[in-house]
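Novice: First the structure, which I've put down as structure tokens, then a few questions once you've had a look.
The values are calculated or read from the model by the stated rules, or taken from the named source; none is laboratory data. Quick caveat, the model's predicted, so the values are computed rather than measured. In this analysis, Cβ positions are derived from the backbone assuming ideal geometry, glycine residues included, and neighbour counts consider all displayed protein chains. Calculation scope for accessible area: heavy atoms of the full protein, side chains included, ligands and nucleic acids excluded. Shrake-Rupley method; radii C 1.70, N 1.55, O 1.52, S 1.80 Å.
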Amino acid sequence: MPSAPATGYHGLNLDSRMSKLRFLLSVTNQDNDFQIEQADAARLVADRLGIGLEVISADDDGVKQSQQLLEQVQSRKSRPPDGILLEPAGSTALPQVARAAAAAGVGWGILSRDADYVEGLRRTYSPPIFVVAPDHEEIGKIQGRQLAALIPAGGTVLYIAGPSQSAAARQRLDGTMATKPKNIQLRVVKAHWTESSAFKAVSSWLTLCTSRETQIAAVCAQDDSMAIGARKAFEACQHANRTSWLSAPFLGCDGMPKTGQQWVKTGMLAATVYTPPTAPLGLELMARFFTNGVMPPVRTLTTTESIPPLDTLASLSSSAVVGKR
């Protein structure tokens, strides 16, 4: 389905009417670097526009998130927020809560994930109901191309994916499978989008007899935090292959300036995929509706890119191969 092109989140200036608006942002957790950037960037936009913004965390619990948002929508102690922006923490995008919010006149913006109920609710209710998300399958395709550039000889890649119920995790894996060369095999381990969960998952994998016989050509994680957690698990292990494992390229995703991009510069990561925060743009689209009556597009896709660029990765890999000869 066609999507509107993304815009930056530094160019919108709204008038003093914004001071009466109050929005709520629900992030999945407070530990992931992307979630931290979501909240920080949204606060900057809210301050610039004069919007009241409350940020809450679901602590990776979809049920808790549903309860938190229903309490906000149905509260008798205070008026509900004008709009809610959420990155779903569970397996669904909370369709029942979305319907309750829309019926109460509360805007509903889904971040970083798609939802098939959006069109139906927009036909029934008047508040803005929309999606701002990256193309998760394209993110996976970029990682597949990064692996092809970094390990042209192929091999086994330890692939750290998000939880099984996450649509984004499935789409990113599908994308990687679509573009990786046939000489690259993935060994998939599941974690929960945080450094600590990836550390535990990889540490458990390293205790298996089969892992000790595996030659790891690269480690690829679906976000930067999990890539660093995986790296720390390899650093902590006492296996004879520890040095060779740590010499393999580590890849992540999100590419936040202070974390993922910095880790690429220092060599902790060989590559990442830059995925800009979706909350600031969602906040602007919501604000524009309540101020000027401009309905956001059903879906707005953000743009993702390889860091470093793919041609740079390929040249670096070629240089490394020549240097070993």
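Novice: Would you check which residues across the stretch 179-219 are part of a helix (DSSP H, G or I), in contact with a helix residue (DSSP H, G or I) (Cβ under 6 Å, 6 or more places away or on another chain) and closer than 21 Å to Ala58 by Cα and list them?
Specialist: Glu195, Ala198
Novice: Can you tell me which of Ile129, Ile142 is modelled with pLDDT of 95 or more, β-branched (Val, Ile, Thr) and either open to solvent by 40 Å² or more (accessible area, probe 1.4 Å) or closer than 24 Å to Ala191 by Cα (or both)?
Specialist: Just one listed residue meets the conditions, Ile142.
Novice: Would you kindly identify the strands (runs of 3 or more DSSP E) lying entirely within the stretch 51-160 that contain at least 3 residues that are closer than 27 Å to Ala227 by Cβ, under 18 Å from the mean Cα position of the chain (by Cα) and in contact (Cβ under 8 Å) with a residue 60 or more places away in the chain?
Specialist: Numbers: elements: 52-57, 83-86, 107-111, 129-134.
Those strands (runs of 3 or more DSSP E) span 129-134.
Novice: I'm checking my understanding of the structure. Among residues of the stretch 276-318 that are part of a helix (DSSP H, G or I) and closer than 18 Å to Lys265 by Cα, which one is modelled with the lowest pLDDT? Break it down stepwise before answering.
Specialist: Of the residues in the stretch 276-318, the ones part of a helix (DSSP H, G or I) are 279-292, 310-318.
The next check asks that each one be closer than 18 Å to Lys265 by Cα; those that pass are 310-317.
Values: Leu310: 95, Asp311: 92, Thr312: 92, Leu313: 91, Ala314: 82, Ser315: 81, Leu316: 73, Ser317: 64.
This residue is Ser317.
Novice: Take Ser164 and decide whether it is under 21 Å from Ser91 (Cα atoms) and surrounded by fewer than 16 Cβ atoms within 10 Å (Cβ to Cβ).
Specialist: The answer is yes for Ser164.
Novice: Another question, then. Just one of (1) open to solvent by less than 30 Å² (accessible area, probe 1.4 Å); (2) touching a Ser or Thr at 6+ places or on another chain (Cβ under 9 Å); (3) within 25 Å of Ala161 (Cβ to Cβ) trips up Gln261, so point out which.
Specialist: (1)
Novice: Could you tell me whether any residue of the stretch 198-210 is closer than 20 Å to Trp263 by Cα, modelled with pLDDT of 95 or more and over 24 Å from the mean Cα position of the chain (by Cα)? It would help to see each step written out before you state the result.
Specialist: At the first step, the residues of the stretch 198-210 found to be closer than 20 Å to Trp263 by Cα are 198-199, 202.
With the extra rule that they be modelled with pLDDT of 95 or more, the set shrinks to 198-199, 202.
Subsequent filtering for residues that are over 24 Å from the mean Cα position of the chain (by Cα) retains none.
No - not one qualifying residue is present in the stretch 198-210.
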